[in-house]
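K.L.:
What follows is a structure written as structure tokens; I'll ask about it next.
Nothing in this text is a laboratory measurement; each read-out follows from the coordinates by a stated rule. None of these values were measured; they are calculated from a predicted model. Here the Cβ is made from the backbone with ideal geometry for all residues, glycine too, and neighbour counts use every protein chain on show.
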Amino acid sequence: DAGVTQSPTHLIKTRGQHVTLRCSPISGHKSVSWYQQVLGQGPQFIFQYYEKEERGRGNFPDRFSARQFPNYSSELNVNALLLGDSALYLCASSPGTGGFGGNQPQHFGDGTRLSIL
Amino acid sequence: KNEVEQSPQNLTAQEGEFITINCSYSVGISALHWLQQHPGGGIVSLFMLSSGKKKHGRLIATINIQEKHSSLHITASHPRDSAVYICAVNGDGATNKLIFGTGTLLAVQP
């Protein structure tokens, strides 16, 4: 089975533009999470979606939005790009939301490297 | 102060050495994860644990919930173990939000 796939792998944008990043989870996984990893730092949680609903949101401005589709794939949208948005954007999938303390391993894609000029 | 702290930040070892990477956290957790990240970005999940000890091949992970501390051990290290090792915690059992440490860059020299 294919792992988590993200597209594109690399992207160059200029300040003020918007960008859409895509993620396809492992088949059967219903939860998708997005993370931002700035160079030299650990990833920071942006969103979690489960069954097409937002289940968690990190400390990111409203310029960041996401959605999950009926096939459980997901898009991350970032508007009005800033230089500080340059980062590796990681998508991770897991079978379910892990409620009631049922935490689950997350499977990560290879990421989309976004560079803002 | 970060909620998840790792030490050391950088580690250089000779092939065959026993390696320990430490992780301390300051929040209540439902699970702790050890992850491996190679240059280029891809992250691989090594362990998820909420108590005790887990072993997979040459890798061993332990956690002490009372002390809020976890360790990742690599026995008989090999140059292919060179990577960034990241500790992350689930602070909220209702979501899969992970809080990450900044990672430990391990270089194993032949």
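K.L.:
Report the full-extension gain for the segment B:Glu17 to B:Val44: residue separation times 0.36 nm, less the Cα-Cα distance, to one decimal in nm. List each step's numbers first, then the result.
P.N.:
On the way: separation 27, 0.36 × 27 = 9.72 nm, distance 2.25 nm.
Residue separation times 0.36 nm, minus the Cα-Cα distance, leaves 7.5 nm.
K.L.:
Would you tally the net charge around B:His78, using a Cβ to Cβ cut-off of less than 12 Å, leaving B:His78 out, and scoring K and R as +1, D and E as -1?
P.N.:
Details: positive: B:Arg58, B:Arg80; negative: B:Glu15, B:Glu17, B:Asp81.
So the environment of B:His78 carries a net charge of -1.
K.L.:
Sticking with this one: Please work out the FRET efficiency for the pair B:Lys54 and B:Arg80, using the Cβ-Cβ distance as r and a Förster radius of 30 Å; give the result to the nearest 0.05.
P.N.:
Working: r = 21 Å, r/R0 = 0.69.
After rounding to 0.05, the efficiency reads 0.90.
K.L.:
In addition: Under a plain spin-label model, where a point goes 7 Å from the Cα along Cα-to-Cβ, how far apart in nm are A:Val38 and B:Glu67?
P.N.:
Between A:Val38 and B:Glu67, the simple spin-label model gives 3.3 nm.
K.L.:
Could you tell me what % of all Cα pairs in region B:9-110 have separations over 24 Å? Working shown, then result.
P.N.:
Values: 967 of 5151 pairs.
I get 19 percent for the Cα pairs in region B:9-110 exceeding 24 Å.
K.L.:
Exposure proxy check: A:Arg63, B:Arg80 ranked by fewest other beta carbons within 10 Å?
P.N.:
Working: A:Arg63 13, B:Arg80 9.
By the 10 Å Cβ count, ascending, the order reads B:Arg80, A:Arg63.
K.L.:
Moving to a separate point now. Separation between the A:Thr5 and A:Ala80 pseudo-spin-labels, each 7 Å from Cα along Cα→Cβ, expressed in nm?
P.N.:
For the pair A:Thr5/A:Ala80, the computed spacing is 3.5 nm.
K.L.:
Right, another one. For region A:28-102, with equal point scatterers placed on the C-alpha atoms only and solvent neglected, what are the log10 I(q)/I(0) values from the Debye formula at q = 0.21, 0.24, 0.26, 0.27 1/Å, to two decimals?
P.N.:
Treating every Cα as an identical point scatterer, log10 I(q)/I(0) equals -0.93, -1.13, -1.26, -1.32.
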